[in-house]
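Have a look at the structure below before the remarks.
The values are calculated or read from the model by the stated rules, or taken from the named source; none is laboratory data. As the structure is a computational prediction, the values presented were derived from the model and not from experiment. Virtual Cβ from ideal backbone geometry, glycine too; neighbours counted across all protein chains shown.
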Amino acid sequence: MQLHVLQDLRRKLGSVSEYELEEERVVAGDLVLRDLHGTVSLLRTDRGLLAAMDATAKLEESCSRCLASVLVSVDVRFQEEYVPVVDADTAGRIYLADDDEAFRIDSEFWLDLREGLRQYILMSEPLKPLCRDDCAGLCPLCGADLNARPCNCQPETDERWDALAGLKQEMDEGE
Ligand SMILES: [Zn+2]
Ligand SMILES: [Zn+2]
């Protein structure tokens, strides 16, 4: 997920180069992705490189009911501009404004896709992943994993329903 882009930065404006991405495991901040496959193209812009990533991967998540780890398939499609901090031709320092939010290409000309990837995934990750559609989840009282076996907790009391049933019976009898 790190590309050495010195040659890409020396190309003329508008030229494009493409790289294959094949990663078994990518750690991007607090996210872990597995089996990432795809491509990234680098378009030379006047400031730097516009990276366009198109890949698929599996994101490590926790089931929203039972907390078991699950792998969720994700499509990764984002574009971000990366600007160098050193000029690739003159080796002169390039000063960027502090509030310039473009991603940086470091002084050794490494372009790191991971932070862009992390931000993209955070915006697009599934909200409530499940280990399986009918996951029984955890008991809210004792925390037991109900997929493994039922626990001994009493189900929520039904007093209100009993009262309503009694009322209905009285009404039926009163007719
Ligand atoms: Zn689950
Ligand atoms: Zn329980």
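Please enumerate the residues belonging to the stretch 1-38 that are hydroxyl-bearing (Ser, Thr, Tyr) and either outside the structural domain of Glu108 (by TED's automatic domain parsing) or under 18 Å from Val76 (Cβ atoms) (or both).
Tyr19
Of the residues Ala97, Ala102, Ala144, Ala88, only one is within 16 Å of ligand 2 (Cβ to nearest atom) and of a type outside the set (D, E, K, R); which?
When all the criteria are applied, what remains is Ala144.
Confirm whether Ala88 is at pLDDT below 95, under 20 Å from Trp110 (Cα atoms), assigned by TED's automatic domain parsing to the domain that holds Asp112 and not polar (S, T, N, Q).
Spelling it out, Ala88 is indeed at pLDDT below 95, under 20 Å from Trp110 (Cα atoms), assigned by TED's automatic domain parsing to the domain that holds Asp112 and not polar (S, T, N, Q).
Can you name the residue in the stretch 43-74 that is without any contact (Cβ under 8 Å) to a residue 60 or more places away in the chain and touching a helix residue (DSSP H, G or I) at 6+ places or on another chain (Cβ under 8 Å) and, of all such residues, is nearest to ligand 1 (Cβ to nearest atom)?
Val74
Those residues that are in contact (Cβ under 8 Å) with a residue 24 or more places away in the chain, within 25 Å of Val74 (Cβ to Cβ) and acidic (Asp, Glu), I need them from the stretch 88-141; list them, please.
Listed by number, the residues that qualify are Asp112, Glu115, Glu125.
Here are some conditions: (1) free of Cβ contacts under 8 Å to residues at least 60 places away in the same chain; (2) of a type outside the set (A, V, I, L, M); (3) within 15 Å of ligand 1 (Cβ to nearest atom). Asp145 meets all but one. Which one does it not meet?
Here Asp145 meets the rest and fails (1).
Kindly list the number of the only condition in (1) among the basic types (Lys, Arg); (2) modelled with pLDDT under 90; (3) more than 30 Å from Val40 (Cα to Cα) that fails for Lys128.
The number of the failed condition is (3).
Just to be sure I understand, how many residues within the stretch 51-69 are farther than 16 Å from Arg25 by Cβ, assigned to a strand (DSSP E or B) and not charged (D, E, K, R)? Quick ask: steps written out before the conclusion?
In the first step, residues of the stretch 51-69 are kept if they are farther than 16 Å from Arg25 by Cβ; the result is 51-54, 62-68.
Keeping just the survivors that are assigned to a strand (DSSP E or B) gives 51-54, 62.
From the residues that got through so far, the ones that are not charged (D, E, K, R) too are 51-53, 62.
Count: 4.
Return yes when Ser41 is closer than 14 Å to Leu130 by Cα and in the same structural domain as Trp110 (by TED's automatic domain parsing) and no when it is not.
no
Being within 28 Å of Gly38 (Cα to Cα) and part of a strand (DSSP E or B) is the filter here; which residues of the stretch 86-117 pass it?
Answer for the stretch 86-117, where residues must be within 28 Å of Gly38 (Cα to Cα) and part of a strand (DSSP E or B): Phe103, Arg104, Ile105, Trp110, Leu111, Asp112.
Mind checking which residues of the stretch 44-102 are basic (Lys, Arg) and loosely packed, with under 14 Cβ neighbours inside 10 Å?
Scanning the stretch 44-102 gives Arg77, Arg93.
Quick check: is even one residue across the stretch 154-161 away from ligand 1 (no atom under 16 Å from the Cβ) and either under 27 Å from the mean Cα position of the chain (by Cα) or at pLDDT 90 or above (or both)?
no
Tyr19: away from ligand 1 (no atom under 16 Å from the Cβ) and either touching a strand residue (DSSP E or B) at 6+ places or on another chain (Cβ under 9 Å) or among the β-branched types (Val, Ile, Thr) (or both), yes or no? Lay out the reasoning, then the answer.
Details: away from ligand 1 (no atom under 16 Å from the Cβ): yes; either touching a strand residue (DSSP E or B) at 6+ places or on another chain (Cβ under 9 Å) or among the β-branched types (Val, Ile, Thr) (or both): yes.
Taking the combined requirement at face value, the residue satisfies it.
Only strands (runs of 3 or more DSSP E) wholly contained in the stretch 1-50 count here; list those with 2 or more residues that are charged (D, E, K, R) and modelled with pLDDT of 95 or more.
16-28, 31-44
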